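Participant: Here it is, the structure, as C-alpha cells.
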Amino acid sequence: MTVFIVFLLVFFVQLFFFSFFFKKLQSKSSHKLECPPGVSIVVCAKNEANNLPHLLPILASQNYPKYEIVLVNDRSKDGTLSILESFKKAHNKLDRPIKIVDLSNSEITGKKNAIQKGIEVTEFKNLLFTDADCLPHSINWLERMTVDLNLDREIVLGYGPYRKIQKSFLNKLIRFETLMTAIQYFSYAERGIPYMGVGRNLAYHKDVFLSQNGFESHKSILSGDDDLFVSAVANNKNTAICLSKESFVTSEPPETMKTWIRQKRRHITTSVHYQFKHQFLLTLFYVSQLLFWILSFYLLFHHIQVYIVLALVLVRYFFWHAKIKHNAKVLDEDDLIYRSVWLEFCLICFQLYIFIANLFSPSKKW
C-alpha cells in the first residue's frame, strides 16, 4: 500500500507540471519598429569550412536596415579562415560591415574565449548569436529575434531545432529531447524563472554581458556560454522568448548515438551549477517522470489497485499528450506528437544512463 501512496504522490507531481507549470506556448505577433537600432551578429567557427558556405549568405541577406557580422576563427585547422576572408571581400558593405577576429595564434582555448573576443569588437548594443553549423529559417531571423531587445527586454531566448531525417529513430529521439528541453526552458521563462537558453539562437544586450564581467563567474567550466550565462543574468523582468518560425535556427544533428551521448554528457555537467530552485524543479520533474513509469509497472505486475492505476495512467497521458501536441505544433515538430509515448520512455532511459555514466566517470572533454 505504501508503494501505491507514493505512486499517487508522483502522479500529482506530474499532473502539476503538465497541467499548470508547463505553458501552452504561443507565437506572438511581432512588433515592427520604424527605426530599429543596429545589431551585431556574432558567430564563432572552429573547423567549419564545410558549413560556413551555407550559413554566411543567409547572414548577409537579412532583412534588416543596419547590422554587422562578427566572425571569429577559433584556431581552425581547415580552410575556415580563408572562407571568412573571401566572404568579407565579397559582401562587406557600409550598412552591414563584416569583421573577422582571428584566434589562430591564441593560447587560450574554449568557445567562451572566442565569444568574448568577438563581443569585444562589436559596435552595437544588441547582440545576436548563432553557430557556424546552423541555418536561420528566414531572412527575417535577425528582426524577429531582436525586436523585443529594442523594446523593454535585455535577453531573448530562441529555438534551435535539429534537421529532420526521415526514417531515423535516433534523429527523432534527439529532436524529441530538444523539444522537451525547449518546452521546459520556454515555460520557465514564461513563469518568470528563466534558467537557460541555447547558444545557437540567443540575443542579449552587450551591457548585460559586460555587467557580469563576461563569463568570469564560470570560465573554468568547459560549457555554459549559453545556459550558465542566462541563468546568471536572466530574471522575470528582463527576459523574453521568441517563437516565430521565422526566428528558428536549424542545426545538424549528431550522426551517431556515441556522438550524441558525448554531447549530452558535456551538457549535463553544467546543470549542477544552476541556481538551486532550477535544479530542484528540473530534478523533481525527471524523478517523478521516472518513478511514475517504474511504479506503474510494479503495481500492475503485482495486481495492486489495477483499475485505479490504469485510470491514472490514462489521465496522465491525456495531459501529457495535450501539452506535447500543442507545443510540438508551435515548434514545428508535428511528426513527434504521436510517437511521444515511446519516445518519452526511451528518453527517460537515456537520461538515466547519462546520469549514471557521469556519476562514475565525469565528462572532461569538450
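Participant: So what does the Cα-only Debye profile of region 1-53 read at q = 0.16, 0.27, 0.30 Å⁻¹, as log10 I(q)/I(0), no solvent term?
Facilitator: With no solvent term, the Cα-only Debye profile gives -0.78, -1.04, -1.12.
Participant: How large is the convex hull of the C-alpha atoms of region 237-277 per residue, in Å³? Numbers along the way, then the final one.
Facilitator: Numbers: hull volume 5.0 nm³, N = 41.
Cα-based convex hull of region 237-277, divided per residue, equals 122 Å³.
Participant: Also, quick follow-up: Given H placed 1.01 Å from N in the peptide plane, which residues other than close sequence neighbours of I241 have an amide H under 5 Å from its amide H?
Facilitator: L157
Participant: Specify whether the C-alpha gyration tensor of region 80-164 places it in the rounded, prolate or oblate class, a ≥ b ≥ c being the square roots of the eigenvalues: rounded for a/c under 1.5, otherwise prolate if a/b is larger than b/c and oblate if not. Don't skip to the answer; put the middle values down first.
Facilitator: On the way: a/c = 1.42, a/b = 1.38, b/c = 1.03.
Rounded is the answer for region 80-164, as its axis ratio a/c remains below 1.5.
Participant: Further question: Quick one: which of K219/K277; K112/K237; K99/K172 span more than 29 angstrom between C-alpha atoms?
Facilitator: On the way: K219/K277 22 Å; K112/K237 26 Å; K99/K172 37 Å.
Check vs 29 Å cut-off fails for K99/K172.
Participant: Using θ = phi - 60° and the Karplus relation 6.51 cos²θ - 1.76 cosθ + 1.60, list the HN-Hα couplings for region 196-209 in order, rounded to whole Hz, with x at every Gly or Pro.
Facilitator: Per-residue couplings from phi come out as 6, x, 10, x, 7, 7, 8, 9, 7, 6, 4, 4, 5, 4 Hz.
Participant: I need the phi-derived Karplus couplings for region 81-98: 6.51 cos²θ - 1.76 cosθ + 1.60, θ = phi - 60°, integer Hz, Gly and Pro marked x.
Facilitator: Each residue's phi maps through the Karplus curve to give 4, 5, 5, 4, 5, 5, 5, 4, 5, 8, 10, 5, 9, 5, 8, 8, x, 10 Hz.
Participant: Check Y162: other-chain or 5+ apart residues with amide H under 5 Å from its amide H, H built from backbone geometry?
Facilitator: Sorted by chain and number, the residues that satisfy this are S251.
Participant: Also, quick follow-up: Which pairs, out of K167/K325; K89/K117; K66/K329, put more than 24 Å between their alpha-carbon atoms? It would help to have the intermediate numbers written out before the result.
Facilitator: On the way: K167/K325 21 Å; K89/K117 21 Å; K66/K329 33 Å.
In this structure, K66/K329 exceed 24 Å between Cα atoms.
Participant: How would you rank 149-160, 295-306, highest first, on the average number of other Cβ atoms within 10 Å across their residues?
Facilitator: Peptide ranking by packing, descending: 149-160, 295-306.
Participant: If you don't mind, there's one more thing I want to ask. Would you please put 241-248, 196-203 in order of how densely packed they are, using the mean number of other Cβ atoms within 10 angstrom per residue and starting with the highest? Don't jump to the answer; show the numbers that get you there.
Facilitator: On the way: 241-248: 21.2, 196-203: 24.9.
Most protected by this proxy first, the peptides run 196-203, 241-248.
Participant: Name the residue from H137, N358, P97 whose Cα lies farthest towards the positive end of the charge dipole of the chain, charges +1 on Cβ of Lys and Arg and -1 on Cβ of Asp and Glu.
Facilitator: Toward the positive end, the furthest listed residue is N358.
Participant: In deg cm²/dmol, rounded to 500, what helix-only [θ] at 222 nm does the chain give when every DSSP H run of at least 4 residues adds -39500 (n - 2.57) and the total is split over its residues? Present the calculation step by step, with values, prior to reporting the outcome.
Facilitator: Values: 12 runs with 174 residues, N = 366.
For the chain, the value works out to -15500 deg cm²/dmol.
Participant: Students often get this wrong, so try it: which of (1) 73, 46, 41; (2) 75, 45, 35; (3) 59, 49, 41 is Cα extents along the principal axes in Å as calculated from the structure shown?
Facilitator: Correct label, based on the coordinates given: (1).
Participant: I've got another one for you. Let me know the whole percent of all Cα-Cα pairs from region 233-354 that are separated by more than 24 Å.
Facilitator: On the way: 3516 of 7381 pairs.
In whole percent, the share of Cα-Cα pairs in region 233-354 beyond 24 Å is 48.
Every number here is computed from the coordinates shown, using simple stated rules; none is lab data. These numbers come from a predicted model, not from an experiment. With ideal geometry, Cβ positions are generated from the backbone for all residues, glycine too; neighbour counts draw on all protein chains shown.
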